[in-house]
1. Kindly state, to the nearest 0.05, the FRET efficiency for SER158 paired with ASP255, given R0 = 25 Å and r defined as their beta-carbon distance.
2. To the nearest 0.05, how large is the calculated FRET efficiency for ALA215 and ILE59 if R₀ is 41 Å and r is the Cβ-Cβ distance?
3. At a Förster distance of 35 Å, what's the computed FRET efficiency of GLU76 paired with ARG187, Cβ-Cβ distance as r, to 0.05?
4. Could you give the nm distance between label points at LYS226 and LEU208, where each point is 7 Å from its Cα heading toward the beta carbon?
5. If each of ARG180 and GLN114 carries a label point 7 Å out from its Cα toward its Cβ, how far apart are those two points in nm?
Amino acid sequence: MFDQTNAPGPRGFLNSAANEKTTTRGAFVTTRWSVILSGADSEGGELQIRAALAELCRIYWRPIFFFIVRRGYSAEDAEDLTQDFFRKILKDDWLQRADPTRGRFRSLLLKSLQNFLNDAADRTRARKRGGETSFVSWDPWMAELPPEFTLSIEALNSWPAEQVFDAGWAATVVERSLRRIREEFERKGRLRVFEVLSPYLSAERDDLSYRNLAAKLRVPEATVKKLLYHMRHRYRFLLRDEVAETVADPADVEDELRYLCGALAASSTHAA
């Protein structure tokens, strides 16, 4: 579940990034979502667009799954419906009908999912598991999910489905950013540094002791301060980079980060 006792948690990580100003506001960048919105303007463009859309779907399957479960489906049926939903938007003329130029990928996907589940034919459709090729390989994806980024049974049974969706989305953004920075440290042979300092990426931690961290890493306190400073800066960059992949305009990144912070804050209040 979202572990509010083991700070900083997703909310703290997001707040740290949302409170930091960016110098790239308004700059042009090519992201998965901007590729999708660009349309098939060049040779081979359609394949590129579908590849970008498929990758975003693979990344954000978890909030889709959570939403479907909250709407009253069993976990098994939710897996099947998640697969069906992905196939539908990848094979049909979803982009043309969904009018993607009017919103962010998160909002568009949620609206499309709501329509999908409200369709009687889709809602009542039942088929045996394993009857078609799976879009998501469930077992390994579930196994690799850190426990602090999953939703509790209580949350799935009490929060509104839209809140579950947004909380799952925010957690996915945080988890992917943490995974990327972990991989960077591991490639540099500094995994121990990541393991010791990563709980303090959020400025909200009030139990930070440079002396204790220095003792764990066997380096001077000044080195710890420098390492943590650069690690926080890199993490915030990666977090913004993840969010940027789902908005059409770089200027929307800060607003999206604030929204996701609010989603997790509301979830914390509701859970309490």
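Where a number appears in this text, it was derived from the coordinates with a stated rule and is not lab data. None of these values were measured; they are calculated from a predicted model. Note that each Cβ is placed from the backbone with ideal geometry, even for glycine, and that neighbours are counted across all protein chains shown.
1. It comes to 0.35.
2. Calculated transfer efficiency: 0.60.
3. About 0.40, to the nearest 0.05.
4. The modelled label-to-label distance comes out at 1.8 nm.
5. In this crude spin-label approximation the distance works out to 2.9 nm.
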